[in-house]
1. Select, from 85, 112, the only residue that is in contact with a strand residue (DSSP E or B) (Cβ under 8 Å, 6 or more places away or on another chain) and in contact (Cβ under 8 Å) with a residue 12 or more places away in the chain.
2. For segment 175-219, which positions are touching a strand residue (DSSP E or B) at 6+ places or on another chain (Cβ under 8 Å) and under 23 Å from residue 284 (Cβ atoms)?
3. Take the residues of segment 62-88 that are within 13 Å of residue 17 (Cα to Cα) and outside any strand (DSSP E or B): which is farthest from the chain's Cα centre (by Cα)?
4. Looking only at segment 118-168, count how many residues are in a loop (DSSP other than H, G, I, E, B) and either touching a strand residue (DSSP E or B) at 6+ places or on another chain (Cβ under 9 Å) or under 28 Å from residue 65 (Cβ atoms) (or both).
5. So which residues in segment 93-108 are under 25 Å from residue 47 (Cα atoms) and surrounded by fewer than 22 Cβ atoms within 10 Å (Cβ to Cβ)?
6. How many residues does segment 169-194 hold that are assigned to a loop (DSSP other than H, G, I, E, B) and buried (at least 17 other Cβ atoms within 10 Å of the Cβ)?
7. Can you pull out the residues in segment 233-248 that are within 27 Å of residue 176 (Cβ to Cβ) and surrounded by fewer than 19 Cβ atoms within 10 Å (Cβ to Cβ)?
8. Residue 248 versus (1) farther than 20 Å from residue 143 by Cβ; (2) in contact with a helix residue (DSSP H, G or I) (Cβ under 9 Å, 6 or more places away or on another chain); (3) part of a loop (DSSP other than H, G, I, E, B); (4) in contact (Cβ under 8 Å) with a residue 40 or more places away in the chain: which is the lone unmet condition?
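All of the numbers you see were taken from the coordinates with simple rules; none came from a lab. Remember, predicted model here, so these are calculated numbers, not experimental data. Cβ placement follows ideal geometry from the backbone for every residue including glycine, while neighbour counts extend to all protein chains displayed.
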């Protein structure tokens, strides 16, 4: 397989065939993200992509899922993306699902009908980075979309028939707006009503604008107990019809996997016990991105 630059994928795609169709991220301006610093976004050549699909056909016959890397595969022009999905279906007939990252920009560039076509060609799940539902924080981190835009794009993806996994970032609002971030994020998640929510905890990456703000004293990194309190408020404010709320990423202090609304009260009790010192938190040296 041909890989170029940093390759990232959601934790749930760990066993998938990682097919890199783009390099980098078309936006690459979020203040907290250092994944593609200095890397210019591009769509890989048709030959490289088709050669990688042929390689997967010969060497990846046990893997039943494909993930389209990197950070912005959905922005590929419709005709090309349909062709890639058609090639996957033809050459890898045992694959049951294809996944990709999606952002507000790329979802906005595709009509509902175009998204439905992608769904019919095997693209089954989209991963959208919300980070926060607080408009003030969204602007500060240069996310490029408002909370209402995120809601519209998330609903659009769901209407097109995709499973949707939404990522939120604990601590991204700092101490001053922690509670607002938690409750507004719960509001936005409730409006989108995705199948999956993944909560990560902020880890500052050297060289990013947010890390520079921290070093200058312009951003306050909240403590582990404050992160847990923020998570508690977020879960309390999140009302899903039948969604999984995960906070078991390597960056998190307390692993949580809750089916909402069924597990809400038990999860809030677990967090309360952790805040009271009855449940041990993950030590800092074991956390990772």
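1. 85
2. Answer for segment 175-219, where residues must be touching a strand residue (DSSP E or B) at 6+ places or on another chain (Cβ under 8 Å) and under 23 Å from residue 284 (Cβ atoms): 198, 199, 200, 201, 202.
3. This residue is 62.
4. Looking only at that region, the number is 10.
5. Within segment 93-108, 93, 94, 95, 96, 97, 106 qualify.
6. Selection size over segment 169-194: 6.
7. Within segment 233-248, 236, 237, 239 meet the criteria.
8. With respect to (1) farther than 20 Å from residue 143 by Cβ; (2) in contact with a helix residue (DSSP H, G or I) (Cβ under 9 Å, 6 or more places away or on another chain); (3) part of a loop (DSSP other than H, G, I, E, B); (4) in contact (Cβ under 8 Å) with a residue 40 or more places away in the chain, residue 248 is out only on (4).
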